[in-house]
Amino acid sequence: MLAHPLLPKLRQLRLGGMVQTLDLRAAQATERHLTPVEFLALLLDDELERRDQRRLTLRLAESGCDDHKTLADFDFAAAPGLNRSVIQELATCGFVARHENILICGPTGVGKSHIANAVCIEALKRDLRVVSRPAHRLLADLHAARANGTHTRLLHRVVACDLLFLDDFGLQPITAQGAQDLYDVVTERYERASIIITSNRAFEEWAAPFGNDLLASAALDRLTHHAHTLTIRGQSYRQRQRRKEDPATPSVSPADHATPTSA
């Protein structure tokens, strides 16, 4: 491949990747009696696919998403109450075009982050800009960015992306500055871009982490105005796996199913 006679010319045209399938496509063209145009079309399709995959790989790395948590990898059988058609509809990313939010709550380990991450990956596949961070880490990064002069750039990236995923909201305490930063992000994105938030807290408890009733009320009013809400109930996936490995391990939750709601 590295010694292919066309490689220098293809590299000069920035089409060096074509060498990977050139001989295969040439053999197929001969076998199938393809016209020169049909042969060229196959090569161009290969090149476009390679470029799309490279872009997706780069966007995935920049986004902070986990490429192992996709819809194909999610065990819907372990969450029989979760409406699969609702999730698949959200995965079309129509909600992003409508600037709607997705809010997911439920106990630890029931698949909240997996579902949210999977939707984000579908958005990346559609060439949308995604930023995915644990909520407390993003707020910490915004705080640290003030000290090193990168705050404006980071805030712009968070506000301007097509889809922002904040995982584990309310898991750790939020400082007064963090609450203000979160409010600013929500306000700037309101009716302009979508947010996905997951939390172990019930929706009625989401105001507590702000530590400021006015900020909490204003932020939550904007978050819930155009939102799909999902409540997932059930046993922790990790606990289920432990019990498979050790049948003597006691259950940590009496619930054995997941139930979503959408609004």
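The values are calculated or read from the model by the stated rules, or taken from the named source; none is laboratory data. Computed from a predicted model, the values in this text were never measured in an experiment. All Cβ positions, even for glycine, are placed from backbone atoms using ideal geometry, and neighbour counts span all protein chains on display.
Could you identify the single residue in A202, A193 that is aliphatic (A, V, I, L, M), more than 23 Å from A144 (Cα to Cα) and surrounded by 14 or more Cβ atoms within 10 Å (Cβ to Cβ)?
It is A193.
Do the conditions hold for P80, that is, is it more than 29 Å from L124 (Cβ to Cβ), loosely packed, with under 15 Cβ neighbours inside 10 Å and out of contact with any helix residue (DSSP H, G or I) (no Cβ under 8 Å at 6 or more places or on another chain)?
The answer is no for P80.
Step by step: first the residues of region 2-22, then only those that are exposed (fewer than 11 other Cβ atoms within 10 Å of the Cβ) and under 19 Å from E49 (Cβ atoms), then the one that is nearest to the chain's Cα centre (by Cα). Which residue is that?
Among them, the one singled out is R14.
Only one of (1) more than 24 Å from H114 (Cβ to Cβ); (2) in a helix (DSSP H, G or I) fails for P173. Which number is that?
Just one mismatch for P173, condition (2).
When you scan region 138-145, do you find a residue that is at pLDDT 95 or above, of a type in the set (D, E) and touching a Phe, Trp or Tyr at 6+ places or on another chain (Cβ under 9 Å), even just one?
No: zero hits.
Among the residues of region 54-77, what is the count of those that are free of Cβ contacts under 8 Å to residues at least 24 places away in the same chain, surrounded by 12 or more Cβ atoms within 10 Å (Cβ to Cβ) and of a type outside the set (S, T, Y)?
Number satisfying all stated conditions: 2.
Give me a count of the residues in region 83-117 that are of a type in the set (S, T, N, Q) and in contact with a helix residue (DSSP H, G or I) (Cβ under 7 Å, 6 or more places away or on another chain).
Total meeting the criteria: 1.
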